[in-house]
């Protein structure tokens, strides 16, 4: 059964990568506005701008905070082996195996490493790819995009802005209104359910 999932995952991932295309990956990362680039370049070393979740569950105003930096030994102590492999080693969990893939509970998906809010359940959709998928982040400041040229391909990697945890990749084949598909590893996330 696992072999079938791996073969299917490779086929689906391959189709997604073709739809993203090499030019799209570079263009997407370069398309940040001049204002965003200026804001980031004016930050002191070791600082980042992020948004947290307010009492109402919505993003707060942008805040400048210290980047979360820990030695590998500390990350290994805090994370499970799978969480460490994915978030710190840029790994990918097998398709259709992640614990949050079928989760429909309302809430906020946070970084497993630093608890930064990354995605809302309101933007989650069924992509059929085998990984949790979202059409937009909780706040654009909270997710960093980087060109990933590993495995002879060019994709757009997404990382947690606060701690640089590897989350997954973003593709241009999602639903409206953004037409984006943030394809994530369950091992990189923890769900905070909405308070009832």
- So which residues in the stretch 180-196 are assigned to a loop (DSSP other than H, G, I, E, B) and in contact (Cβ under 8 Å) with a residue 40 or more places away in the chain? 180, 185, 194
- Message: Considering only the stretch 119-135, I want to know if a residue exists there that is within 22 Å of residue 68 (Cα to Cα), crowded, with 18+ Cβ neighbours inside 10 Å, in contact (Cβ under 8 Å) with a residue 60 or more places away in the chain and touching a helix residue (DSSP H, G or I) at 6+ places or on another chain (Cβ under 8 Å).
- Response: no
- Tally the residues that are touching a helix residue (DSSP H, G or I) at 6+ places or on another chain (Cβ under 9 Å) and exposed (fewer than 14 other Cβ atoms within 10 Å of the Cβ), restricting the search to the stretch 69-89. 3
- Query: Considering only the stretch 84-102, how many residues are closer than 14 Å to residue 167 by Cβ, out of contact with any strand residue (DSSP E or B) (no Cβ under 7 Å at 6 or more places or on another chain) and assigned to a loop (DSSP other than H, G, I, E, B)?
  - Reply: 6
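Please pick out the residue among 157, 105 that is surrounded by fewer than 22 Cβ atoms within 10 Å (Cβ to Cβ), in contact (Cβ under 8 Å) with a residue 60 or more places away in the chain, in contact with a strand residue (DSSP E or B) (Cβ under 8 Å, 6 or more places away or on another chain) and not in a strand (DSSP E or B).
105
Given the structure, is residue 65 in contact with a strand residue (DSSP E or B) (Cβ under 9 Å, 6 or more places away or on another chain), part of a strand (DSSP E or B) and closer than 26 Å to residue 122 by Cα? Quick ask: steps written out before the conclusion?
On the way: in contact with a strand residue (DSSP E or B) (Cβ under 9 Å, 6 or more places away or on another chain): yes; part of a strand (DSSP E or B): yes; closer than 26 Å to residue 122 by Cα: no.
For residue 65, the condition - in contact with a strand residue (DSSP E or B) (Cβ under 9 Å, 6 or more places away or on another chain), part of a strand (DSSP E or B) and closer than 26 Å to residue 122 by Cα - is not met.
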- Query: What about residue 162, is it closer than 25 Å to residue 49 by Cβ, modelled with pLDDT of 95 or more and either part of a loop (DSSP other than H, G, I, E, B) or touching a helix residue (DSSP H, G or I) at 6+ places or on another chain (Cβ under 7 Å) (or both)?
  - Reply: yes
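The values are calculated or read from the model by the stated rules, or taken from the named source; none is laboratory data. Since the model is a prediction, treat every value here as computed from it, not as a measurement. FYI the Cβ positions are ideal-geometry reconstructions off the backbone, even for glycines, and counts take in every protein chain you see.
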